[in-house]
Every structure is written in structure tokens, then in C-alpha cells.
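Working notes, beginning with the structure itself.
The values are calculated or read from the model by the stated rules, or taken from the named source; none is laboratory data. Computed from a prediction, not measured in an experiment: that's the story for all the values here. Because the Cβ atoms are built from the backbone with ideal geometry, glycine has one as well, and the counts that use them run over all protein chains shown. Please note that ligands, DNA and RNA were not included when accessible areas were found on the heavy atoms of the full protein model with its side chains. Shrake-Rupley method; radii C 1.70, N 1.55, O 1.52, S 1.80 Å.
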Amino acid sequence: MDKFYLIIFLLISSCLCSAQVGTLDSSFGDNGLLFRDYRMSDKIDANNKVTQPDGKTVVVGSVRGKLGDDFSVTRYNVDGSLDKTFSDDGQQITDFGTANDVAYSVALQGDKIVVAGCASRVGNTSFAIARYNSNGSLDDTFSSDGLQTTNFNAIAICNAVATQGNKILVAGYSYIDKPIQESDFIVARYNIDGSLDKTFSNDGIQKTDFFGFGDYANSIALQGDKIVVAGDAVSSSSGYLTTAIARYNSDGSLDKSFSGDGLQTTGISSSASLIVQKDKILVAAYGTDDFIVFCYNSNGALDKTFGNDGIQRTHFGTNYYAQTNSISMEQGKIIITGNLYDSKKGIRQLVMVRYK
């Protein structure tokens, strides 16, 4: 049967660990590249990753199951080989019992692995969380079977997860009690046992609306005891997207020391990912043909010492369509990964940009 190769996208960042910065690390995988071999019928996607303190990498996404997609969690050794101590063969597949289950994000909670995504039925998509022990088995101290879903009785997409001590934070969006074009940011916090944390926004769930149109949370990070969420907001009925950030206090209320009301929007752009430093917030975004990095001070204002008045753009040309996927800080440098579509040549390119 014909086969194809899945290149694990995240492993580009491992190239930065070689003797010369930016060169492929020959000690990893096949001269710095890692391939997984699957049959064409075995649809599999890799959506995110996290590196454990011991250097092992956990990759999450989805794999085709008997009735639809299931969570896929795979762990690799430092050299890129499958870690056979994880679920016996290096991969754990988890079915929530719904038509399609897709993992979008992963975080560590001590020696546990927390994976968040969606569990879908027709017309209804729930937030879905799975917590695994270090050996890949489901952690039955979490929601009794290792699995937790939150049903909003609407389409709900969970894009990001972070851990806050013994709490679990997830972020995404849903059309709760609204028409399908008017979604809100959704942030939910869970206790260590998998129950919703009722000390967070009274019921464990915080909804945030920017302009009354569509709002889509894509990433989440902690800034001290604050919770920072970045995504997109439709700024008007014309449908223009703007990069949107919300910062919350630990109890789930909007932090009004951030931009006056806890909310900040910038430019005509779409955001993909963020990282936080002690007093800075960096957001990776994209316009039609450019990669964009926004840098904000802790008060929500753009940091005028960064780029051009707080914004750094990398233009690729009018024949390109750009999309950023992730932002990270490696060896003191800002790394943006993403994709370009060349409309003239009809090809897609994987791109990595590094900034000082």
C-alpha cells in the first residue's frame, strides 16, 4: 500500500540546539529530521508539542480511528526515537466516545501530561481534556477515568492549555447563546481532580466579548498570577480581524490594570501564539503577506523600544499568503514558525524566522 511521511513540524526548533545555531542537529532523528511512516488511510496530524525536563518531546494531534478521529499523544526520546516506555510503543490513542476527537495543545503538570482539544458530535463540540501518567496511561485521579469534557450546548473549540500549580486552564471559543457568527473567548479552569474550579469566575468559566462580533482565543500563558489569552476579534460587521488580548486576574475577572479594561486589540491581523516574560507579552500574528510580532508592556501598551513602535513586520511579497503557527524564545532569540503559500508557483513553504 502506498505510504506517506509525516514530518513532525515542531522539531525544527530542535535545530537550534546544535553546535552552530541554525544548523541541523545530526544527533537527532535522521540528520536533524524526524519522519513517521503511515499508510495513506491512516490520517494523522501533529498540532502541538511540549518538551519534558528530561529532554523527551511529547507531540499531540489526532489519528484516524474506527469511527472518526481520536486524540494522538506520542513521546520521543532526545535522539528522536520513539519512547517505548510510553504506552508500550511510544503512542497513546484516546477515544472520548464521540465522532471526532482532536488534540490541539499540551502542557505538563508535574509528572503528568495534560492534553486539551475538542470532542465533537453533530452540531455540538465540547472542550475535551485528557491527563496521562508519565507512562502514557490515563490518570484515573482526574475525573475518575482521566477524561473530562465540558459541554456548552453549542460549537466550542478548545485551542490552548496551561497549568497553574494544581489547576488546569484552557482557552478557546464558543457560540454560547449567540448566533454562530458571534463567538466569545472562553477560558475555563479545572481543579486537580478534573472538576470545574468554582472560585474562577463563579462557575469555572469566563466568557469575554470584545466588539459583539466573533472572538476566537488561540493561546494562553501565565504572567505571574495573571492569565493572558490571545486570539482574534472581528472588529466590525465588515469582518476585519484584529489581534486581541485579554488579561485576567487569578479569580477570572478582567485585569483592569491592563489597558484600562483588561482588553487590548491591535492592527488588522490574526494572532496565532504568545509567550510572556516578566513584564512583556509577545504575540505572533500575520497579515496577508507578512509575519508580525507585537510586543506589549505589562500595562497593555505597545513597547515602543521593540521593532517599529512595538511592532515587527516581515514582508514576503504580494504573491504570498502568510500564516504564523508559533512563537518561542530560544537562546535569547525570538523564533516564529509558519507557512507561506506562493500563489504564482502554487506551492506552500514551511518558514522559520528568527529575530534578535
Report task. Return one whole number: the accessible area per residue of the range 39-128 in Å², for a 1.4 Å probe. Result -> 43 Å²
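Residue separation times 0.36 nm, minus the C-alpha to C-alpha distance between ALA301 and ASN153: what's the value? Present the calculation step by step, with values, prior to reporting the outcome.
Working: separation 148, 0.36 × 148 = 53.28 nm, distance 3.66 nm.
Separation in residues times 0.36 nm, less the Cα-Cα distance, equals 49.6 nm.
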Query raised in the report: Label points 7 Å out from Cα along the Cβ direction at SER27 and ASP279: separation in nm?
Result: 3.7 nm
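So, R0 is 41 Å and r is the distance between the beta-carbons of SER237 and GLU330; what FRET efficiency does that work out to, to 0.05?
0.50
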Query - Percent of Cα-Cα distances greater than 17 Å, calculated over the range 65-206 - result: 60 percent
Query raised in the report: Roughly what % of Cα-Cα distances in the range 317-356 sit above 16 Å, to the whole percent?
Result: 40 percent
Query raised in the report: How many percent of the alpha carbon pairs in the range 90-174 exceed a separation of 17 Å?
Result: 42 percent
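Work out, step by step, the length gained on full extension between SER137 and GLN349: first 0.36 nm times the residue separation, then minus their alpha carbon distance; give nm to one decimal. Write out the running numbers ahead of the final one.
Numbers: separation 212, 0.36 × 212 = 76.32 nm, distance 3.65 nm.
Residue separation times 0.36 nm, minus the Cα-Cα distance, leaves 72.7 nm.
Identify the trypsin sites (Lys or Arg not before Pro) of the range 249-326 meeting these criteria: DSSP loop state and at most 14 other C-beta atoms within 10 Å of the C-beta. Present the calculation step by step, with values, prior to reporting the outcome.
Details: sites: LYS256, LYS278, LYS280, LYS304, ARG313; in loops: LYS256, LYS278, LYS304.
Here the trypsin sites (Lys or Arg not before Pro) that fit, given the DSSP loop and packing criteria, are LYS256, LYS278, LYS304.
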Report summary line: Volume per residue (Å³) of the convex hull spanned by the alpha carbons of the range 225-317 is 95 Å³
Query raised in the report: Amide H of ALA160: which non-local residues (sequence gap of 5 or more, or other chain) have their own amide H closer than 5 Å, using H built in the peptide plane?
Result: ALA171
Query raised in the report: In what sequence, largest accessible area first, do LYS356, LYS56, LYS333, LYS344 appear using a 1.4 Å probe?
Result: LYS356, LYS344, LYS333, LYS56
Query - Förster radius 25 Å - calculated FRET efficiency between ASP111 and HIS315, Cβ distance, rounded to 0.05 - result: 0.05
Query raised in the report: Percent relative contact order of the range 277-335, based on C-alpha pairs within less than 8 angstrom and at least six residues apart?
Result: 33 percent
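Just to check, using Stokes-Einstein with a Kirkwood Rh over alpha carbon pairs, what's the diffusion coefficient of the range 164-282 at 10 °C and 1.306 mPa s in µm²/s? Write out the running numbers ahead of the final one.
Numbers: Rh = 14.4 Å.
In µm²/s, the coefficient rounds to 110.
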**Report entry** Over 32 Å (Cα to Cα) - which of LYS112/LYS304; LYS66/LYS112; LYS56/LYS167 fall in this group
**Finding:** LYS112/LYS304
Query - Relative contact order of the chain, defined on C-alpha pairs under 8 angstrom at six or more residues apart (%) - result: 7 percent
Query raised in the report: Counting only the heavy atoms of the protein chains, how much of LYS345 is accessible to a 1.4 Å probe, in Å² to the nearest 10?
Result: 150 Å²
Query raised in the report: Using 0.36 nm per residue, how much length does the chain from ASP209 to ASP177 gain when fully extended, once their Cα-Cα distance is taken away?
Result: 10.3 nm
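Starting from the coordinates of the alpha-carbon atoms of the chain, obtain the Kirkwood hydrodynamic radius over all distinct pairs and give the value in Å to one decimal. It would help to have the intermediate numbers written out before the result.
Working: mean 1/r = 0.0477 Å⁻¹.
Computed over the chain, the radius equals 21.0 Å.
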Report task. Give the carbon-plus-sulfur fraction of the accessible surface of the chain in %, rounded to a whole number; probe 1.4 Å, heavy atoms of protein chains only. Result -> 49 percent
Query - Accessible surface, the range 248-306, averaged per residue in Å² (probe 1.4 Å) - result: 39 Å²
Query raised in the report: How far apart, in nm, are two points set 7 Å out from the Cα along the Cα-to-Cβ line at ASP88 and at LYS56?
Result: 1.7 nm
